[in-house]
Amino acid sequence: MPEALATHVQIEPTTRCNFTCGFCCGRHMPQEDLAWETFEAALAALPDLAHVELQGEGESLLHPRFADMVDALRSRGVAVSFITNGSLLKPRVVEHLLDAGVHKISVSIESADPTTFRDIRGGKLEKVEANLEALMAERARRGLERPVVGLSVTVLARTRDALGDILAFYRRLGLDGGVTLQPLQQMSSYAQHYDPQMQAQHLAPDEVERIWLAFFAHPEVRAIQAGRAPVDGFYEDLMAGWRPALRTCPYLERGLYVHRTGDVTPCCMVKDTAAHGLGRLGETPMDEILTRRAALAATLAGGQVPAPCEGCELARFAVMSQLGLLRFGLKGAWQRWGTPRLRADGARSA
């Protein structure tokens, strides 16, 4: 059996969503929920779980047994985080999340302008803002330090200058889970679904690097990062200590993604389970799944991007580092700031 374990696993609760983001590939998938039996099979097959992100191509809170998933994981001592569009964080839901001790909630956002937000996401920013205000108020009333609540920002060409307003939004709500940043996903499993208008929202690699550098140099970002609560979410745990020079990907070392079908891939960005799946729960022994994952890690360590990882920023930076092509400015940002929290959910934001 491979020595590597699967300690950090993302499990997809559903592909259904109440928003209509144009960059979400979940809208082009069968609209269905993870079967409870498949969830139980995942727990049985993964005895070494440390942290689970309940994340998929849909709005996780729409799963009718989302609360049961949280309770089952917490009863095993597993840390739980999840990503949401924030529209369903109603009082009853908030009460359970606080009772259960969820570690982190990440809220997807591209713009803090209500009109732009609605145009991109098909939902109301005002509702999300009210829900977050109520969540933070109730957490404070109870004297709790978690769940920490942060923002996951996907940068489109039209929102490249929206960061200042988003940071102000974060501060106004008293959030404390940090801000993550990612460009619009370019992996083919996502990009193939973009209409011409969304295709035009891609940023060139050089501009992505400039945005990264500006992000980490931004004084408000520095202040937010320095003031983050001492509670790590899934990605902070998974990415801890990673930098491009390691020539690895933390997903290929200790992560997995369980699709709502029970198919397993290296991470949530790999959608073609027929071509790039590692196996299926209940059919493929976990030893074999981990062996296949190790083969991908070996390919990356050898200086090549594995086929399932084509278009992934983590893999690209790892290979660039090996070839000595990583630009000094970006490398310097990594050395100074540590891992720039590249979010795998950035392409599918809930």
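Can you find a residue in the range 222-229 that is crowded, with 20+ Cβ neighbours inside 10 Å, assigned to a loop (DSSP other than H, G, I, E, B) and of a type in the set (Gly, Ala, Ser)?
Looking for residues that are crowded, with 20+ Cβ neighbours inside 10 Å, assigned to a loop (DSSP other than H, G, I, E, B) and of a type in the set (Gly, Ala, Ser), one finds none in the range 222-229, hence no.
Residue pairs whose Cβ atoms lie under 6 Å apart, sitting 6 or more positions apart in sequence or on different chains, and linking a residue in the range 197-211 that is under 12 Å from Gly22 (Cα atoms) to a partner that is part of a helix (DSSP H, G or I) and of a type outside the set (D, E, K, R), are Gln201/Ala157. In the range 112-122 there is no residue that is on the phi < 0 side of the Ramachandran plot, among the polar types (S, T, N, Q) and crowded, with 21+ Cβ neighbours inside 10 Å.
Give the range 157-180 a look and list any residue that's in contact with a Lys or Arg (Cβ under 9 Å, 6 or more places away or on another chain) and surrounded by fewer than 22 Cβ atoms within 10 Å (Cβ to Cβ), or say none. Within the range 157-180, just Asp176 meets the criteria. Residues that are open to solvent by 40 Å² or more (accessible area, probe 1.4 Å), in a strand (DSSP E or B) and touching a helix residue (DSSP H, G or I) at 6+ places or on another chain (Cβ under 9 Å) are absent from the range 231-242.
Kindly evaluate Ala245 against the criterion of being among the aliphatic types (A, V, I, L, M), in contact with a helix residue (DSSP H, G or I) (Cβ under 9 Å, 6 or more places away or on another chain), farther than 20 Å from Leu5 by Cβ and assigned to a helix (DSSP H, G or I). Here the answer is yes, as Ala245 does meet what is asked. Against the list (1) within 16 Å of the chain's Cα centre (by Cα); (2) over 25 Å from Val231 (Cα atoms); (3) not basic (Lys, Arg), the condition Pro64 fails is (1). Taking the range 301-316, which residues are of a type in the set (A, V, I, L, M, F, W, C) and closer than 22 Å to His202 by Cα? Correct list: Val305, Ala307, Cys309, Cys312, Leu314, Ala315.
The set of residues from the range 249-285 being more than 14 Å from Glu12 (Cα to Cα), in contact (Cβ under 8 Å) with a residue 60 or more places away in the chain and open to solvent by 30 Å² or more (accessible area, probe 1.4 Å) comprises Glu253, Arg254, Asp272, Gly282.
Is it the case that the range 14-34 has a residue that's touching a residue at least 24 places away in the same chain (Cβ under 8 Å), open to solvent by less than 60 Å² (accessible area, probe 1.4 Å), assigned to a strand (DSSP E or B) and of a type in the set (S, T, N, Q)? Yes, because at least one residue in the range 14-34 is touching a residue at least 24 places away in the same chain (Cβ under 8 Å), open to solvent by less than 60 Å² (accessible area, probe 1.4 Å), assigned to a strand (DSSP E or B) and of a type in the set (S, T, N, Q).
Of all residues in the range 295-311, those satisfying the criterion of being of a type in the set (A, V, I, L, M, F, W, C) and either on the phi > 0 side of the Ramachandran plot or surrounded by 15 or more Cβ atoms within 10 Å (Cβ to Cβ) (or both) are Leu296, Ala297, Leu300, Ala301, Val305, Cys309. Scanning the range 74-94 for residues that are in a strand (DSSP E or B) and either open to solvent by 10 Å² or more (accessible area, probe 1.4 Å) or in contact (Cβ under 8 Å) with a residue 60 or more places away in the chain (or both) turns up Ala79, Ser81, Ile83, Thr84.
The values are calculated or read from the model by the stated rules, or taken from the named source; none is laboratory data. Keep in mind the model is a prediction, meaning the values are calculated, not measured. Here the Cβ is made from the backbone with ideal geometry for all residues, glycine too, and neighbour counts use every protein chain on show. The protein model used for the area step is the full one, side chains on, heavy atoms only, and it has no ligands, DNA or RNA in it. Shrake-Rupley method; radii C 1.70, N 1.55, O 1.52, S 1.80 Å.
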